[in-house]
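Structure first, commentary second.
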């Protein structure tokens, strides 16, 4: 420190005389506590990832995926089931104040609050302690969330009718009968554009039109009435043929239904 005319000059030893680049110490200065990122650490990560990838590929080869038949939006009896990691939300929607008029609460509000709390957890609990026993609030909420997810998932699996689910999603074989496209009844169907909705194999189009050969109990009169007056979303002015053609068409559909029933 030097004295001058009303001025004092102070030197600070904490400021280096020469600037040095901000380079961290080499890992070799911490023996046993760290390692080189390349290739040591990265090679270990790749090896672990490869093991899990190979195990996953073997699992997909050993177990066939549980595929179901083609989705049919007209089948109102079908009960969908989400994947296992969403079963707890699926079960939550069965409770009184999370279903029906309260679906928004069960589907959006409650999950939103839970996942929002996870996002805000670092800001809500800023304690320096790392031991779970020293952070009772955070630990308790996390254990409560894990227990809730585990219980709802188990409850969903336990209460689901797996036999009915397997039956409703069973992949059905292709039609065992041969469609005679030269028959007069088939030609009448084609001339009245019925095949555009019910398909060339008469099995219908999912979400648009039902099958014409999956009704063994229907009579020619019922087929004729539907073709003439319509049913459901089908209008009543589709069939433009004569009464004789309508009779031939109805008899043809009844015959095809009998053949399909015998082939099953």
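Sorting the segments 90-101, 219-230 by their residues' average number of neighbouring beta-carbon atoms within 10 angstrom, most packed first, yields 219-230, 90-101.
Looking at the square roots a ≥ b ≥ c of the eigenvalues of the Cα gyration tensor of segment 84-168, which shape do they give, rounded for a/c under 1.5, prolate if a/b is larger than b/c, or oblate? Write down the numbers at each step before the final one.
Working: a/c = 3.48, a/b = 1.96, b/c = 1.77.
Prolate.
Rounded is the label for segment 184-263. Its Cα gyration tensor axes, ordered a ≥ b ≥ c, give a/c under 1.5. Under the rule a/c < 1.5 gives rounded, and otherwise a/b versus b/c splits prolate from oblate, where does segment 106-148 land using the Cα gyration tensor? In terms of gyration-tensor shape, oblate. Across segment 66-159, C-alpha contacts under 8 Å between residues 6 or more apart give a mean separation that, scaled by the residue count, equals a relative contact order of 33 percent.
Would you mind calculating the gained length between residue 85 and residue 238 on full extension (0.36 nm times residue separation, minus the Cα-Cα distance), in nm to one decimal? Please report the intermediate quantities before stating the final value.
Details: separation 153, 0.36 × 153 = 55.08 nm, distance 4.70 nm.
Here the answer is 50.4 nm.
Laboratory data are not the source of any read-out in this text; all were calculated from the coordinates shown. In this text, all values refer to a predicted model and were calculated from it rather than measured experimentally. Here Cβ is always computed from backbone atoms with ideal geometry, including for glycine, and neighbour counts include all displayed protein chains.
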